[in-house]
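One structure is given below, encoded as structure tokens.
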Amino acid sequence: MPRLVDHDQRRAELAEAAIRVILREGLAGVTVRGVAAEAGWSTGSLRHYFANQYELQAYVVQATTDTLRRRVLPRVQRPRTQGSMVDQIASIMAEMLPLDDERREEYALWSAIVEWERRHPPEGGSATWNDQRALHRQCVAALRGHEPARELDQAMLPHRDAQVELWAAILHTFVDGLASQIVNTPGQVSADTAAQLLRSLLEAVPRARPDQHAHRPSPRTAE
């Protein structure tokens, strides 16, 4: 009787092997031959699942995106009740900075996704970028005293408070740039310096007036 093959499990094994290749060699190392060797497969076996390198890399990028969400979201969404609002937001933003081995791995994986999206611009824009902008938008909205969005789809939409949108863009750009400096110029920006810079920016976010604290209408209500 022929042995049953769990194709989803096999694809998951391939994704794990490809992620190990990314961490060593970047996205360029994700070739049919390279991933097959990492997984201990023949190239013929791998081609049973992916006809060419494009299909393989597209699958690996999606698997990498899912991996980052599973790793990062629980840390970002962890309840925070200690310290000021700035302290709480700073601790969330710090999860996006490559300050330890785990977060440096995540930055390398994120960089591979960015490289793929630069080569193959996705319809509707970068899902990873949109996820990050929604997070920054939520953090700035909280600093300005707004109620958080109840649904993820709502967090993806521009906020009715123009200052939230402006400062979300500033914070997003700042965190990306700070992460790049930490990785690309090691030793120049310490964890303490990064924390001080982040706090300085968050403290600069202007607080909203009481009349600006109205709830943002849902898209249906706004129509």
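The values are calculated or read from the model by the stated rules, or taken from the named source; none is laboratory data. The shown structure was predicted, so the numbers you read here are calculated from the model rather than taken from an experiment. Note that each Cβ is placed from the backbone with ideal geometry, even for glycine, and that neighbours are counted across all protein chains shown.
Data for the structure
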quantity	calculated
Where a residue in the range 123-151 is modelled with pLDDT under 90 and its partner, wherever it lies, is in a helix (DSSP H, G or I) and β-branched (Val, Ile, Thr), with Cβ under 9 Å and at least six apart	Ala127/Thr65; Ala127/Ile113; Thr128/Thr65; Thr128/Ile113; Thr128/Val114
Criterion: assigned by TED's automatic domain parsing to the domain that holds Trp129, in a helix (DSSP H, G or I) and either without any contact (Cβ under 8 Å) to a residue 60 or more places away in the chain or surrounded by fewer than 13 Cβ atoms within 10 Å (Cβ to Cβ) (or both) - qualifying residue of Arg103, Arg24, Arg10	Arg103
Condition check for Val189: in a helix (DSSP H, G or I), out of contact with any strand residue (DSSP E or B) (no Cβ under 8 Å at 6 or more places or on another chain) and either in contact (Cβ under 8 Å) with a residue 24 or more places away in the chain or farther than 15 Å from Gln138 by Cα (or both)	no
Complete set of residues in the range 95-129 that are touching a Ser or Thr at 6+ places or on another chain (Cβ under 7 Å), within 19 Å of Ala18 (Cα to Cα) and aliphatic (A, V, I, L, M)	Leu109, Ala112, Ile113
Qualifying residues in the range 62-87 (those that are among the hydroxyl-bearing types (Ser, Thr, Tyr) and more than 17 Å from Arg20 (Cβ to Cβ)) - the one modelled with the highest pLDDT	Ser84
Filter result (surrounded by fewer than 16 Cβ atoms within 10 Å (Cβ to Cβ) and without any contact (Cβ under 8 Å) to a residue 60 or more places away in the chain) within the range 55-66	Glu55, Gln62, Asp66
Number of the exception - Gly83 against (1) in the same structural domain as Arg199 (by TED's automatic domain parsing); (2) not in a loop (DSSP other than H, G, I, E, B)	(2)
Members of the range 49-76 that are in contact with a helix residue (DSSP H, G or I) (Cβ under 9 Å, 6 or more places away or on another chain) and assigned to a loop (DSSP other than H, G, I, E, B)	Tyr49, Phe50, Asn52
Criterion (modelled with pLDDT of 95 or more and loosely packed, with under 14 Cβ neighbours inside 10 Å) met by exactly one of Ala204, Ala222	Ala204
Lone unmet requirement of (1) over 20 Å from the mean Cα position of the chain (by Cα); (2) buried (at least 16 other Cβ atoms within 10 Å of the Cβ); (3) closer than 20 Å to Val86 by Cα for Val189	(3)
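Let's see how each residue does on (1) farther than 12 Å from Val205 by Cβ; (2) assigned to a helix (DSSP H, G or I):
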{"residue": "Glu123", "(1), (2)": "yes, no"}
{"residue": "Asp131", "(1), (2)": "yes, yes"}
{"residue": "Ala134", "(1), (2)": "yes, yes"}
{"residue": "Val140", "(1), (2)": "no, yes"}
{"residue": "Arg150", "(1), (2)": "yes, no"}
{"residue": "Gln154", "(1), (2)": "yes, yes"}
{"residue": "Pro158", "(1), (2)": "yes, no"}
{"residue": "Gln163", "(1), (2)": "no, yes"}
{"residue": "Ala168", "(1), (2)": "no, yes"}
